[in-house]
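First up is the structure itself, then whatever we jot down about it.
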């Protein structure tokens, strides 16, 4: 199973459209958005994906929660999602709370999640801490001096494909 990883889209429709076209080309069906969708109007671009969205620190649009509920289901927008796909435990959060992020990575039981996906910093990163692989897909919007990035994670092989836009 291949899942799309995306974060910090910040209403950037053009670049987001390019990212989603790459996901479709790779036959990705599920997308994990690590927060800062920003405006509810961009959700229409995700209509043909199974979406899970972490609420980010810039997700103030009062229409966002309602739009997520209408498009994907009320449970699809949360500060933290703890999911399982292909027997892989995945935590999805924005990353603006370092304490929350640290708790997910270094759970008392050790290795509670195989993957922790987060955004917020706009810096793409892939590292393993203990038994947890921590992935930040970078950002689609407000990238300034960086290239916009997202990623595709193959849960069967653990391969991570970076996409630069």
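The values are calculated or read from the model by the stated rules, or taken from the named source; none is laboratory data. Everything numeric here is computed off the predicted structure, so don't read it as measured data. In this analysis, Cβ positions are derived from the backbone assuming ideal geometry, glycine residues included, and neighbour counts consider all displayed protein chains.
If you check 5, 83, 20, which single one turns out to be surrounded by fewer than 21 Cβ atoms within 10 Å (Cβ to Cβ), closer than 24 Å to residue 162 by Cα, within 13 Å of the chain's Cα centre (by Cα) and at pLDDT 95 or above?
Details: 5 fails: surrounded by fewer than 21 Cβ atoms within 10 Å (Cβ to Cβ); 20 fails: surrounded by fewer than 21 Cβ atoms within 10 Å (Cβ to Cβ).
Just a single option satisfies the conditions, and that option is 83.
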Name the strands (runs of 3 or more DSSP E) wholly within segment 67-165 that hold at least 1 residues that are under 21 Å from residue 48 (Cα atoms), touching a residue at least 40 places away in the same chain (Cβ under 8 Å) and touching a helix residue (DSSP H, G or I) at 6+ places or on another chain (Cβ under 6 Å)? 149-154, 160-164
Could you run through segment 1-47 and say how many residues are closer than 19 Å to residue 154 by Cα and outside any helix (DSSP H, G or I)? 16
Within segment 54-66, restricting to residues that are closer than 22 Å to residue 137 by Cβ and in contact with a helix residue (DSSP H, G or I) (Cβ under 7 Å, 6 or more places away or on another chain), the one that is surrounded by the most Cβ atoms within 10 Å (Cβ to Cβ) is 64
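Going by what's in this entry, would residue 39 be described as modelled with pLDDT under 95 and surrounded by 13 or more Cβ atoms within 10 Å (Cβ to Cβ)? I'd like the intermediate steps shown before the answer.
On the way: modelled with pLDDT under 95: yes; surrounded by 13 or more Cβ atoms within 10 Å (Cβ to Cβ): yes.
Criteria met by residue 39.
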When segment 110-132 is checked residue by residue, the ones that are under 15 Å from the mean Cα position of the chain (by Cα), surrounded by fewer than 17 Cβ atoms within 10 Å (Cβ to Cβ) and closer than 16 Å to residue 162 by Cα are 123, 125, 126
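Can residue 60 be described as free of Cβ contacts under 8 Å to residues at least 24 places away in the same chain and in a loop (DSSP other than H, G, I, E, B)?
Details: free of Cβ contacts under 8 Å to residues at least 24 places away in the same chain: yes; in a loop (DSSP other than H, G, I, E, B): yes.
So residue 60 fits the description; yes.
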Cβ pairs under 8 Å, 6+ apart or interchain, first in segment 14-32 and without any contact (Cβ under 8 Å) to a residue 40 or more places away in the chain, second surrounded by fewer than 19 Cβ atoms within 10 Å (Cβ to Cβ) and part of a loop (DSSP other than H, G, I, E, B), ordered by first then second residue, are 24/48
